[in-house]
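The values are calculated or read from the model by the stated rules, or taken from the named source; none is laboratory data. Quick caveat: nothing in here was measured; it's all calculated off a predicted structure. In this analysis, Cβ positions are derived from the backbone assuming ideal geometry, glycine residues included, and neighbour counts consider all displayed protein chains.
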Amino acid sequence: MTYVVRRTEPGEWQQLRALRLEALRDSPTAFGTTYADAAALADEAWQQQAEQGASSPSTATFIAATPDGRWVGMAGSAPVEVVPETFCIQGVYVTPAHRGRAAGLAARLVDAAIARARDNTDASWLTLGVHEDNGRAQAFYRRIGFTDTGKVVPCRLDPSRKITILGYERFRLTTAR
Ligand SMILES: CC(C)(COP(=O)(O)OP(=O)(O)OC[C@H]1O[C@@H](n2cnc3c(N)ncnc32)[C@H](O)[C@@H]1OP(=O)(O)O)[C@@H](O)C(=O)NCCC(=O)NCCS
């Protein structure tokens, strides 16, 4: 299948909400918020998120769409507020039927988010957090070049579990894999 990977547009808040809620229902421990909390957000909050992901000079959201326009994947890049000169990859999700190395969607989405952060910010470092039990996501990130930083932080939803912080060593060197 041929997919389009692109940055979101400001008015696309309903598609953004639908895919984000799908992600939270599919993978309840993979992200830093719950389905219930996200589902309870007012339309204005989604409109604000969509506007920011589409138009902010720093934060950016990318989606993957099928030829008939269905959104089946997303990834974003944003500054890490508490760590100077550092951006992170966040909100990475691919609809189950579209996963796998052959489709390559997750890599295209993360590549787009990495390129945006590298080409449009002065950040020196690129990181992401992944749940210690999320073996598939960890395998994926390591395959595309993320490595251990040695840092772990408690999971926001369950502080007894850990989030592993991975870093992208090639951030300022090359995009080639
Ligand atoms: C994480 C995600 C975006 C990766 O996309 P994907 O299309 O599944 O990734 P790929 O299939 O290309 O790569 C996954 C790898 O993990 C491997 N894998 C699958 N299940 C695994 C498991 N339980 N433990 C370890 N590795 C696993 C696969 O074999 C594959 O490796 P390979 O290509 O070397 O064979 C996608 O799985 C997803 O949306 N997951 C749910 C949301 C999520 O966890 N997001 C990440 C938040 S940090």
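ASP119 versus (1) touching a His at 6+ places or on another chain (Cβ under 6 Å); (2) more than 15 Å from the ligand (Cβ to nearest atom): which is the lone unmet condition?
Just one mismatch for ASP119, condition (1).
Name the residues in segment 1-31 that are under 16 Å from the mean Cα position of the chain (by Cα) and outside any helix (DSSP H, G or I), would you?
Scanning segment 1-31 gives VAL5, ARG6, ARG7, THR8, SER27, PRO28, THR29, ALA30, PHE31.
What pairs can you find where one residue is in segment 7-20 and at pLDDT below 95, the other is of a type in the set (Lys, Arg) and not in a loop (DSSP other than H, G, I, E, B), and their Cβ atoms are less than 6 Å apart, with a gap of 6+ or different chains?
none
List pairs: first in segment 138-153 and on the phi > 0 side of the Ramachandran plot, second in a loop (DSSP other than H, G, I, E, B) and more than 8 Å from the ligand (Cβ to nearest atom), Cβ under 9 Å, 6+ apart or cross-chain?
Listed pairs, sorted by first residue: GLY145/GLU169; GLY145/ARG170; GLY145/ARG177.
State whether one or more residues within segment 81-93 are more than 16 Å from THR8 (Cα to Cα), free of Cβ contacts under 8 Å to residues at least 24 places away in the same chain, more than 11 Å from the ligand (Cβ to nearest atom) and hydrophobic (A, V, I, L, M, F, W, C).
Let us first name the residues in segment 81-93 that are more than 16 Å from THR8 (Cα to Cα), namely 81-88.
Okay, now just the ones that are also free of Cβ contacts under 8 Å to residues at least 24 places away in the same chain, so 81-82, 84.
Next, only the ones that are more than 11 Å from the ligand (Cβ to nearest atom) stay: 81-82, 84.
Within this subset, residues satisfying the condition of being hydrophobic (A, V, I, L, M, F, W, C) are 82.
The answer is yes; a qualifying residue exists.
Among the residues of segment 102-110, are any more than 9 Å from the ligand (Cβ to nearest atom) and either in contact with a Lys or Arg (Cβ under 9 Å, 6 or more places away or on another chain) or without any contact (Cβ under 8 Å) to a residue 60 or more places away in the chain (or both)?
No: zero hits.
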